[in-house]
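Worksheet for the structure shown next.
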């Protein structure tokens, strides 16, 4: 059985841990508000961009830019997996990686060629362990203080370059969609060829006359749309990470409190037993005299 000093030291250690988890919870809560606003503000822009592309695509048909029409094949797949750089957020990154892993394994089982771009350290570490040299490029978001266009632009340029060079027939992005503090949903989105909303195309094709032509506009707009979709996903990830971290640190703080209570009770009982034993020894010694 542990001595009273060892028990006091352990209680002190758990209390120090509780202070850290409480501080991390407060920091995550403070960062979550701004991250949530950024994610929510990016959604209408990304949605409107997709609508504009659908309108333009209605007047182009099958002769549009490659980022919209694709290569005509379905053999080479490029999978982008976006997670967090840091941990202590429960299963946030693991859930995204699990969804991507199942998709990648399904592609490999069907004889497809797969390459992986890992965004975030957690994605890099786990996917490199699972799929080895299939991870062709990694990006770390912690290189920048904030998530912005400077984070999404290099990723978008790499994807566009590989797609235009016939190194990929389809590009799919896996990320975590922010729903609420306690709900982050692993999601996927096809980035290339760009998915066109059929409803929007049916509504708008002949309503506008474009100058320059739709093809010229799409040539410029599609790479920007690629950056926009990646940025929106990174912002969703950021909000989801802080939400998951806040919930995880809240659970850790409460668990530490429960452990402190249990250890304190155990310490008090051991101390009382020791005092009782000493009193018995004193009384027995006095009677012996």
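The values are calculated or read from the model by the stated rules, or taken from the named source; none is laboratory data. These numbers were taken from a predicted model, which means no experiment stands behind them. Every residue, glycine as well, gets a Cβ built from its backbone with ideal geometry; the counts of neighbours run over all protein chains shown.
Only one of the listed residues (146, 113, 71) is in contact with a strand residue (DSSP E or B) (Cβ under 6 Å, 6 or more places away or on another chain) and farther than 18 Å from residue 188 by Cβ. That residue is 113. Residue count for the range 101-120, restricted to those that are part of a helix (DSSP H, G or I) and either touching a residue at least 40 places away in the same chain (Cβ under 8 Å) or not assigned by TED's automatic domain parsing to the domain that holds residue 233 (or both): 1. Tell me yes or no: at least one residue of the range 126-133 is out of contact with any helix residue (DSSP H, G or I) (no Cβ under 6 Å at 6 or more places or on another chain) and either at pLDDT below 90 or not assigned by TED's automatic domain parsing to the domain that holds residue 81 (or both). Checking the range 126-133: at least one residue is out of contact with any helix residue (DSSP H, G or I) (no Cβ under 6 Å at 6 or more places or on another chain) and either at pLDDT below 90 or not assigned by TED's automatic domain parsing to the domain that holds residue 81 (or both).
Considering (1) part of a helix (DSSP H, G or I); (2) in contact with a helix residue (DSSP H, G or I) (Cβ under 8 Å, 6 or more places away or on another chain); (3) over 30 Å from residue 5 (Cβ atoms); (4) modelled with pLDDT under 90, the lone condition that residue 274 does not fulfil carries the number (3).
For the range 131-152, a tally of residues being in contact (Cβ under 8 Å) with a residue 12 or more places away in the chain, under 18 Å from the mean Cα position of the chain (by Cα) and not in a loop (DSSP other than H, G, I, E, B) returns 9. For the criterion of being assigned to a helix (DSSP H, G or I), outside the structural domain of residue 185 (by TED's automatic domain parsing) and closer than 17 Å to residue 27 by Cα, residue 254 passes.
Got at least one residue in the range 65-85 being in the same structural domain as residue 167 (by TED's automatic domain parsing) and closer than 21 Å to residue 251 by Cβ? I'd like the intermediate steps shown before the answer.
Restricting attention to the range 65-85, the residues satisfying the condition of being in the same structural domain as residue 167 (by TED's automatic domain parsing) are 65-85.
After this cut, where a residue has to be closer than 21 Å to residue 251 by Cβ as well, the list is 83-84.
Yes, the range 65-85 contains at least one residue that is in the same structural domain as residue 167 (by TED's automatic domain parsing) and closer than 21 Å to residue 251 by Cβ.
Of the residues making up the range 175-189, not a single one is within 14 Å of the chain's Cα centre (by Cα), modelled with pLDDT under 90 and at positive phi.
Put simply, of 27, 14 the only residue that is out of contact with any helix residue (DSSP H, G or I) (no Cβ under 6 Å at 6 or more places or on another chain), assigned to a helix (DSSP H, G or I), surrounded by 13 or more Cβ atoms within 10 Å (Cβ to Cβ) and modelled with pLDDT of 90 or more is 27. Restricting the range 58-68 to residues that are surrounded by 14 or more Cβ atoms within 10 Å (Cβ to Cβ) and out of contact with any strand residue (DSSP E or B) (no Cβ under 9 Å at 6 or more places or on another chain) leaves a set whose member that is nearest to residue 132 (Cα to Cα) is 65. Residues considered: 96, 80. Of these, the only one that is in contact with a helix residue (DSSP H, G or I) (Cβ under 8 Å, 6 or more places away or on another chain), part of a strand (DSSP E or B) and crowded, with 22+ Cβ neighbours inside 10 Å is 80.
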